[in-house]
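The values are calculated or read from the model by the stated rules, or taken from the named source; none is laboratory data. Predicted model only: the values in this text are computed from it and were never measured. When we count neighbours, we look across all protein chains shown, and the Cβ atoms used for this are built from the backbone with ideal geometry, even at glycine. For accessibility, only protein heavy atoms count, side chains too; no ligands or nucleic acids. Shrake-Rupley method; radii C 1.70, N 1.55, O 1.52, S 1.80 Å.
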Amino acid sequence: MPVSYKTLGLQNTRKMFQDAMAGKYAIPAYNFNNLEQLQAIVLGCIDSRSPVILQVSKGAREYANATLLRCMAMGAVEITKEAGVEIPIALHLDHGDSYELCVSCIETGFSSVMIDGSHLPFEENMELTRRVVEYAHKHDVTVEGELGVLAGIEDEVSHAVSHYTKPEEVETFVKNTGVDSLAISIGTSHGAFKFKPNEPIPPLRFDILEEIERRIPGFPIVLHGASSVMPEYVDMINHYGGDLIGAVGVPEEQLRRAAASAVCKINIDSDGRLAFTAKIREALIKDPKNFDPRKYLAKAREALRSVIVHKNENVLGSANRI
Ligand code: G3H
Ligand code: 13P
Ligand code: ZN
């Protein structure tokens, strides 16, 4: 029996992006896989009065169980009501890799899906995206497509090199597919190792972004791979026995500039993973006799909550926008 996101109190991304475009900020899209990450994201967004897109990758859905994740997203809506701060919440499939996966998510409560055909030839990407949009729009679910390839290695996303988005392709893609937003490649990448350590960080290609904005004015753009790889947490991980030497991310000022442009959605996963892992490492080393997971997970959750507030207030500009 299909479940509509509307019965769960979730929203699609259409109005969120209209508001973000008009207000010159970006909606945060944070990935989650478990209870503590979800608590931190939702509480951090309540604290900062920010709308939020809760992102679930294919790997996260397999890890945590699709039904459980949907019920958790519904629970997130309920706790905003209890807190008296009803922030808009979308449940979004991150990097959907097939029509069937997108349909399954739409049938089980997602309000937004990404179909990532960026690795396919242009015509095939366009056709796959168009089919997903056709199905999704019948259910009032919004769709994100992608043009251009980001480098980086994650469970479900793996490309050795990046290819910038070709601005001359965006008008045809958007017109022929009917997508609601478009992820582009302008120099960000997935994971914690985005640039070479001890070398100047190459600026994002704002010239490409501007040319895209010129060709599809007012159309919502999405930036993936937008973690800053916060040095305090990388240092903490390395200090407490980890090995993330040379991890580097996108400087915050570059993201602030992007958020004020047509970029309406900024994806952050790695920074959350880093803060969470750093605090667990620290807590286990500092209290070697503890074997109660709540004690170290509460520390990780607290750190992630403060990362969320920081990003919303100081990077994306989404705080106090409800
Ligand atoms: O861009 C990908 C996200 O960070 C999700 O990663 O596939 O390891 O869950 P994942
Ligand atoms: P980061 O690895 O930079 O956090 O990017 C996450 C992302 O793009 C999820 O789709
Ligand atoms: Zn991504």
When restricted to 61, 131, the only residue surrounded by 16 or more Cβ atoms within 10 Å (Cβ to Cβ), basic (Lys, Arg) and at pLDDT 95 or above is 61
Name, by its number, the condition in (1) more than 16 Å from ligand 1 (Cβ to nearest atom); (2) open to solvent by less than 10 Å² (accessible area, probe 1.4 Å) that does not hold for residue 121. (2)
Would you pick out the residues in the range 1-20 that are farther than 18 Å from residue 139 by Cα, touching a residue at least 12 places away in the same chain (Cβ under 8 Å) and open to solvent by 50 Å² or more (accessible area, probe 1.4 Å)? 19
What single numbered condition from (1) in a helix (DSSP H, G or I); (2) closer than 16 Å to residue 187 by Cα; (3) hydrophobic (A, V, I, L, M, F, W, C) fails to hold for residue 234? (2)
Filter result (outside any loop (DSSP other than H, G, I, E, B) and within 16 Å of ligand 2 (Cβ to nearest atom)) within the range 164-197: 181, 182, 183, 184, 193
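Residue-wise test of (1) among the acidic types (Asp, Glu); (2) open to solvent by less than 30 Å² (accessible area, probe 1.4 Å); (3) away from ligand 1 (no atom under 14 Å from the Cβ); (4) modelled with pLDDT under 95.
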position	(1), (2), (3), (4)
214	no, no, yes, no
238	no, no, yes, no
251	no, no, yes, no
254	no, no, yes, no
262	no, yes, yes, no
267	no, yes, no, no
285	no, no, yes, no
291	no, no, yes, no
Could you list, ordered by first residue, the pairs with Cβ atoms under 7 Å in which the first is in the range 173-202 and more than 27 Å from residue 122 (Cα to Cα) and the second is within 16 Å of ligand 1 (Cβ to nearest atom) and of a type in the set (Ser, Thr, Tyr), at least 6 apart or interchain? 192/270
Can you tell me which residue among 201, 245 is modelled with pLDDT under 95 and more than 16 Å from ligand 1 (Cβ to nearest atom)? 201
Being assigned to a loop (DSSP other than H, G, I, E, B) and either buried (at least 22 other Cβ atoms within 10 Å of the Cβ) or within 16 Å of ligand 1 (Cβ to nearest atom) (or both): is that true of residue 222 here? no
